[in-house]
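Report on one structure; see the data block that follows.
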Amino acid sequence: MAPPSLLDLAPVVPVVVIEDACDAVPLARALVAGGLPAIEVTLRTPAALDAIRAIAGEVPEAVVGAGTVLTPEQVTESVAAGARFLVSPGWTDVLLEAMRASGVPFLPGVSTTSEVVALLERGVREMKFFPAQAAGGTAYLRSLAGPLPQARFCPTGGIGPANAAEYLSLPNVGCVGGTWMLPDDAIAGRDWDRIEALARAAADLRVSAGGTCR
């Protein structure tokens with residue numbers, strides 16, 4: 001049996017920026033306990049790879065991945081650290097081939113119809129739509145569903161509790177990415193119980209969107 005798609009693991013993928021690798025494990029445990037097992041750790045800080053390594057080694061129930069992947073070198077480093085998926089804000093053929101060769105699932109970023117078609121030509125059907133709100137939001141994605149029904153998306157960028165359910169109701173959206181369950185003050189104060197509660201509310205968006213992610 002084929003493993004489940006990354007887009008079907010949970011309705012929301014937390015997009016995590018970790019400044020202190022010591023926070024990685026308790027943060028991941030809080031997110032998993034709240035029902036969000038797929039965790040994207042962005043490669044925006046020096047602590048990111050150590051955070052991925054810690055989560056992969058100590059929180060086996062988490063599906064940790066690397067985000068903001070921009071180069072083939074980052075692909076190699078992320079997978080070596082234990083990343084089980086890769087996310088990029090955009091793509092080139094060089095980056096795409098490196099992600100494909102990594103052996104783990106990946107979501108290349110798109111924001112235009114031409115980019116979607118180009119990926120479909122290359123056999124890629126699951127993508128990150130970024131920056132979602134700035135690139136046209138739910139209206140844009142809805143318009144793509146007719147001519148390009150084979151493409152599925154994880155929209156990220158400008159998504160929060162006020163509009164996440166609208167995205168999740170679209171037939172070509174499997175999940176959304178966001179940071180609203182990770183407020184800065186909660187991370188700074190290491191308030192893992194609060195983050196778990198916010199994660200649980202985000203996981204419940206699957207229900208308010210009208211069923212499971214498609």
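The values are calculated or read from the model by the stated rules, or taken from the named source; none is laboratory data. Since this is a predicted model, take the numbers as computed values, not measurements. Note that we place each Cβ from the backbone using ideal geometry, even for glycine, and neighbour counts take in every protein chain shown. Ligands, DNA and RNA are stripped out before the accessible areas are found, and what is left, the full protein with its side chains, is counted by its heavy atoms. Shrake-Rupley method; radii C 1.70, N 1.55, O 1.52, S 1.80 Å.
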Practice task
Among residues belonging to the range 1-43 that are among the aliphatic types (A, V, I, L, M), part of a helix (DSSP H, G or I) and under 20 Å from L170 (Cα atoms), point out the one that is modelled with the highest pLDDT.
Solution key: L7
Practice task
Filter the range 48-96 down to residues that are more than 29 Å from V117 (Cα to Cα), in contact with a helix residue (DSSP H, G or I) (Cβ under 8 Å, 6 or more places away or on another chain), of a type in the set (A, V, I, L, M) and part of a helix (DSSP H, G or I), then give me how many there are.
Solution key: 7
Handout entry: Residue in the range 117-134 that is least open to solvent (accessible area, probe 1.4 Å), counting only those that are part of a loop (DSSP other than H, G, I, E, B) and farther than 18 Å from A165 by Cα
Key = V124
Handout entry: Checking V32 against (1) touching a helix residue (DSSP H, G or I) at 6+ places or on another chain (Cβ under 7 Å); (2) under 21 Å from L182 (Cα atoms), the condition it does not meet
Key = (1)
Exercise for the section: Find all pairs meeting these conditions: Cβ atoms under 7 angstrom apart; at least six residues apart or on different chains; first residue within the range 94-118 and more than 15 Å from E77 (Cα to Cα); second residue buried (at least 16 other Cβ atoms within 10 Å of the Cβ) and hydroxyl-bearing (S, T, Y). Expected result: P108/S88; G109/S88
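Within the range 145-156, does at least one residue satisfy the condition of being part of a loop (DSSP other than H, G, I, E, B) and either among the aliphatic types (A, V, I, L, M) or open to solvent by less than 40 Å² (accessible area, probe 1.4 Å) (or both)?
Within the range 145-156, one or more residues are part of a loop (DSSP other than H, G, I, E, B) and either among the aliphatic types (A, V, I, L, M) or open to solvent by less than 40 Å² (accessible area, probe 1.4 Å) (or both).
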Exercise for the section: Out of A38, A24, report the one residue that is among the hydrophobic types (A, V, I, L, M, F, W, C) and in contact with a Leu (Cβ under 6 Å, 6 or more places away or on another chain). Expected result: A38
Practice task
Would you please name the residue that is nearest to D8 (Cα to Cα), looking only at residues in the range 157-167 that are in contact (Cβ under 8 Å) with a residue 24 or more places away in the chain, open to solvent by 10 Å² or more (accessible area, probe 1.4 Å) and within 17 Å of the chain's Cα centre (by Cα)?
Solution key: A165
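How many residues, within the range 40-76, are in contact with a Ser or Thr (Cβ under 6 Å, 6 or more places away or on another chain), open to solvent by less than 10 Å² (accessible area, probe 1.4 Å) and farther than 21 Å from P183 by Cβ?
3
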Problem - Options P105, P37; residue that is surrounded by fewer than 24 Cβ atoms within 10 Å (Cβ to Cβ), in contact with a helix residue (DSSP H, G or I) (Cβ under 9 Å, 6 or more places away or on another chain), more than 20 Å from F129 (Cβ to Cβ) and not charged (D, E, K, R) - result: P37
